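> Starting off with a structure, shown below.
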Amino acid sequence: MLAKRLIPCLDVKDGRVVKGINFVGLRDAGDPVEIARRYNEQGADELTFLDITATHEGRDLILPIIEAVAAQVFIPLTVGGGVREVADVRRLLNAGADKVSFNSAAVARPELIREASDKYGSQCIVVAIDAKDNGLGGWNVFTHGGRKDTGLDAVAWAQTMQAQGAGEILLTSMDRDGTRAGFNVPLTRAVSDAVDVPVIASGGVGNLQHLVDGIRLGGADAVLAASIFHDGQHSIGEAKAFMRDAGIAVRL
Amino acid sequence: MSTVLVLDYGMGNLRSVAQAVQEAAKGSDVRVEVGHDPDQVRAADRIVLPGQGAMRDCMAHFAQSGAREAVLSAVTAGKPLMGVCVGMQMLLEHSEEQDTPGLGLLPGRVRRFQLAGRYQADGSRFKVPQMGWNRVDLAAGHLGHPMWAGIPGGAYFYFVHSYYAAPSRPEDVAATTDYGGAFACALARDNIFATQFHPEKSAELGLRLYRNFLTWNPQGASP
């Protein structure tokens, strides 16, 4: 059967991979190519690069990184962060990315997802949704790094994005991101049950059981984590062995 | 010295295929070219036909590139051809995707997954596209195929697709994968070999498959 995916996420700022807590106290985490190679060797199923560069000018610095990684690491690469227009998709695909992730730009203009997927195929268009508990039993979509409440319902928004041609949903719980308290399971379950495209759970992984919970309880097709791998707390191999021992189909 | 041509006819991301073939050719005397010029096609010893995106766009771009007739002649002449993803689907007669005719090099059709509302063995929903790593079970009749050298049965390869090949001749099926039922994930006939999965995104075993292609000499192939 189709294996559940484990995806390490690498934050990139001004051309370097960094790590930090809530984007504060960023430290250099090492050479992106070297990290990507290590994760690939450990059995990562895909790699996601999130460009957290604040300036438009600095964004092009991720292209050489993607080029260098794609020339040496032969697993799928997703790039997100600051993707604004269809032309960005072409540039990133040309650099060697396999999938491109939209976030705020999709909220600003939902037809962008239709245009991008018509041109390049749904398989390479990911929509990232940052969701926060609205205190009313649901979750609202936030943009601009979690600072702006759009008022949109996250579950309905995921369905809208699927209808526009998104091939995958990258779902992050803003409430859990950086807390190490585990995925927001009800949110993950609600979105995963509402769409036909794959859902990647993100935000809050603090231990290996959380990865299992995201799939088992949340119904996610893939789980994404950053700090537990960057900090050397666990290797990808350990995480996948743990998932396998919990009865989840993984590629080992 | 031999030449492999990765056909670039303007569809999607062919760069990753070219890079993987380049990696596979390292240390060999195979030269990797990327392009769509008919002369390039004629001069090449082997051809890789990638494809990504919508089938109708792929077929249209392929025809517009001017490479179509040269590729068909090359295949008829016995040159090894490797189709990947939509590049595999294009080899069949017809696709349900936008009701698109294919090249008809292999009899059969391309169908869409009909999995809405169905659940996998672990209780999770079937999603379309099938996206991720799935097991490739080699067909009994093709276990000795040179393209499968060094590839163990049941190994994981990376898939991204909503449509799958349904070839008319069972003997053309080189491998199957289970996603709501078994489907043909690799086809083989004479000098044609094709995969639905993406070897260029399937880590070491994917590179092995491309390496096998670079040394594959099916009967009737030019030297």
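The values are calculated or read from the model by the stated rules, or taken from the named source; none is laboratory data. Just so we're clear, the structure is a prediction, and the values are computed from it rather than from any experiment. Because the Cβ atoms are built from the backbone with ideal geometry, glycine has one as well, and the counts that use them run over all protein chains shown. In case anyone asks, the SASA skips ligands and DNA or RNA and just uses the protein heavy atoms, side chains included. Shrake-Rupley method; radii C 1.70, N 1.55, O 1.52, S 1.80 Å.
> Quick one: which of A:87-93, A:201-207 comes out on top by average Cβ neighbours within 10 Å, and what's the full order, highest first? Provide the component values of the computation, followed by the final result.
Working: A:87-93: 18.7, A:201-207: 25.0.
Ranked from most to least packed, the peptides come out as A:201-207, A:87-93.
> Follow-up. Within a Cβ distance under 10 Å of B:Tyr158, other residues only, what is the Lys/Arg minus Asp/Glu net charge?
-1
> Across peptide A:112-123, how many C-beta atoms of other chains are within 10 Å of each residue C-beta, on average? Each step should come with its number before you reach the end.
Values: counts 0, 0, 0, 0, 0, 2, 3, 4, 7, 12, 7, 13.
Neighbouring Cβ atoms belonging to other protein chains average 4 per residue here.
> How large is the direction-averaged shadow of the alpha-carbon convex hull of segment A:13-158, in nm²? Walk me through the numbers before you get to the answer.
On the way: hull surface 37.8 nm².
The Cα convex hull of segment A:13-158, projected and averaged over all directions, gives 9.4 nm².
> Let me ask something else. Given the whole protein assembly as supplied and a 1.4 Å probe, what does the accessible area of B:Cys85 come to in Å², nearest 10?
Per-residue accessible area (B:Cys85): approximately 10 Å².
> Averaged per residue, what accessible surface does segment A:153-241 expose to a 1.4 Å probe, in Å²? Mind dumping the intermediate values first?
On the way: 2610 Å² over 89 residues.
On a per-residue basis, segment A:153-241 sits at 29 Å².
> Still on this model: Could you tell me which of the pairs A:Lys19/A:Lys240; A:Lys4/B:Lys127; A:Lys240/B:Lys127; A:Lys4/B:Lys201; A:Lys13/A:Lys148 are separated by over 18 angstrom between their Cα atoms in the structure shown?
A:Lys19/A:Lys240; A:Lys240/B:Lys127; A:Lys13/A:Lys148
> How big is the B-A contact in terms of buried accessible area, both chains counted, 1.4 Å probe, rounded to the nearest 100 Å²? Don't skip to the answer; put the middle values down first.
On the way: alone 9790 and 10800 Å², together 17580 Å².
Looking at B and A, the buried total is near 3000 Å².
> Can you give the net charge of the other residues whose Cβ lies under 10 Å from the Cβ of B:Pro107, counting K and R as +1 and D and E as -1? All intermediate terms of the calculation are to be shown ahead of the outcome.
Numbers: positive: B:Arg109, B:Arg169, B:Arg189; negative: B:Glu93, B:Asp172.
Charge balance in the 10 Å sphere: +1.
> If you don't mind, another one. Please report the net charge: other residues with Cβ closer than 11 Å to the Cβ of A:Lys148, K and R +1, D and E -1.
On the way: positive: A:Lys132, A:Arg147; negative: A:Asp130, A:Asp149.
Residues close to A:Lys148 contribute a combined charge of 0.
> How would segment B:77-200 be classified by its alpha-carbon gyration tensor: rounded, prolate or oblate, with rounded meaning a/c under 1.5 and the a/b versus b/c comparison settling the rest?
On the way: a/c = 2.00, a/b = 1.23, b/c = 1.62.
Taking the square roots of the gyration eigenvalues as a ≥ b ≥ c, segment B:77-200 is oblate.
> With a probe of 1.4 Å, find how much accessible area segment A:1-145 has per residue, and write the answer as a whole number in Å². Present the calculation step by step, with values, prior to reporting the outcome.
Details: 5570 Å² over 145 residues.
Value for segment A:1-145: 38 Å² per residue.
> Percent antiparallel among DSSP beta bridges with both residues in segment B:18-127, to the nearest 5?
Working: 3 of 8 bridges.
Of those bridges, close to 40 percent are antiparallel.
> Ok, one more. Mean 1/r over all different Cα pairs, inverted: what Kirkwood radius does segment A:152-252 give, in Å?
On the way: mean 1/r = 0.0728 Å⁻¹.
In segment A:152-252 this quantity evaluates to 13.7 Å.
> Shifting gears a bit: Run the quick spin-label model on B:Asn217 and B:Glu171: label points 7 Å from Cα toward the beta carbon, then report their separation in nm to one decimal.
The modelled label-to-label distance comes out at 2.5 nm.
> Could you pull out the trypsin sites (Lys or Arg not before Pro) across segment A:118-215 that fall in loop regions by DSSP (anything but H, G, I, E, B) with no more than 13 other Cβ atoms inside 10 Å? Could the numbers behind the result be given before it?
Details: sites: A:Lys119, A:Lys132, A:Arg147, A:Lys148, A:Arg176, A:Arg180, A:Arg189; in loops: A:Arg147, A:Arg176, A:Arg180.
Answer by residue number: A:Arg147.
> By how many degrees, between 0 and 90 and to the nearest 10, does the Cα long axis of helix B:15-25 differ from the longest principal axis of chain B?
Helix B:15-25 sits at roughly 60 degrees to that axis.
> Take every residue in peptide B:120-129, count the Cβ atoms of other chains within 10 Å of its Cβ, and give the average of those counts.
Details: counts 3, 2, 9, 2, 13, 8, 2, 10, 5, 8.
Average per residue, whole number: 6.
> Now a separate question. Got a number for carbon plus sulfur as a percent of the protein assembly as shown's accessible area, 1.4 Å probe? Don't skip to the end; give the middle numbers.
Numbers: 8620 of 17580 Å².
Its accessible area is 49 percent carbon and sulfur atoms.
> Which of the aspartates and glutamates could be linked to A:Lys99 by a straight reach, that is with a Cα gap under 13 Å, when you skip same-chain ones fewer than 8 residues away?
Here the aspartates and glutamates satisfying the reach criterion relative to A:Lys99 are A:Glu46, A:Asp88, A:Glu168.
> Any idea what the alpha-carbon Rg over 2.2 N^0.38 Å comes to for segment A:93-190? It would help to have the intermediate numbers written out before the result.
Values: Rg = 13.6 Å, N = 98, 2.2 N^0.38 = 12.6 Å.
In units of the 2.2 N^0.38 Å rule of thumb, it is 1.08.
> Could you tell me which of rounded, prolate or oblate describes chain B, using a ≥ b ≥ c as the square roots of the eigenvalues of the alpha-carbon gyration tensor, with rounded for a/c under 1.5 and, failing that, prolate when a/b is larger than b/c and oblate otherwise? Walk me through the intermediate numbers first.
Numbers: a/c = 1.65, a/b = 1.34, b/c = 1.23.
It is prolate, given that a/c is not under 1.5 and a/b is the larger ratio.
> Next question, about the same structure. What's the extension gain from A:Asp231 to A:Glu57 if we count 0.36 nm per residue and subtract their Cα-Cα distance? Numbers along the way, then the final one.
On the way: separation 174, 0.36 × 174 = 62.64 nm, distance 2.96 nm.
Value of the extension gain: 59.7 nm.
> Tell me, which longest segment in chain B has none of the GluC sites (Glu not before Pro) that fall in DSSP loops with at most 16 further Cβ atoms within 10 Å? The partial results should precede the final answer.
Details: sites that count: B:Glu93, B:Glu96.
No qualifying site falls inside B:97-223, the longest such stretch.
> Further question on the same structure: Please check chain B for the longest run free of trypsin sites (Lys or Arg not before Pro) that are loop-located per DSSP (anything but H, G, I, E, B) and have at most 15 other Cβ atoms within 10 Å. If you can, show how the numbers build up before the last one.
Values: sites that count: B:Lys26, B:Arg118.
Result, exposed sites excluded: B:119-223.
> Which one, B:Ala77, B:Ala67, B:Ala174, has the greatest fluctuation when you compute a Gaussian network model over chain B with C-alpha springs under 10 angstrom?
B:Ala77
> Now, a different point. Indicate, rounded to the nearest 5 percent, the antiparallel portion of the DSSP beta bridges found entirely in segment A:12-163. Display every interim value, and only then the final one.
Details: 13 of 24 bridges.
Of the beta bridges lying entirely in segment A:12-163, close to 55 percent run antiparallel.
> Also, quick follow-up: State the antiparallel share, in %, of DSSP beta bridges confined to the protein assembly as shown, rounding to the nearest 5. Spell out each step's value before the answer.
Numbers: 41 of 89 bridges.
Around 45 percent antiparallel, to the nearest 5.
> After finding the eigenvalues of the alpha carbon gyration tensor for the protein assembly as shown, what semi-axes result from the square roots of 5 times each, listed largest first in whole Å? Display every interim value, and only then the final one.
Details: eigenvalues 270, 103, 94 Å².
Values for the protein assembly as shown, descending: 37, 23, 22 Å.
> Label points 7 Å out from Cα along the Cβ direction at B:Leu143 and B:Glu204: separation in nm?
In this crude spin-label approximation the distance works out to 2.3 nm.
> Could you identify which residue out of A:Gly146, A:Gly232, A:Gly219 has the top mean-square fluctuation in a GNM of chain A using Cα springs shorter than 10 Å?
Largest GNM mean-square fluctuation: A:Gly232.
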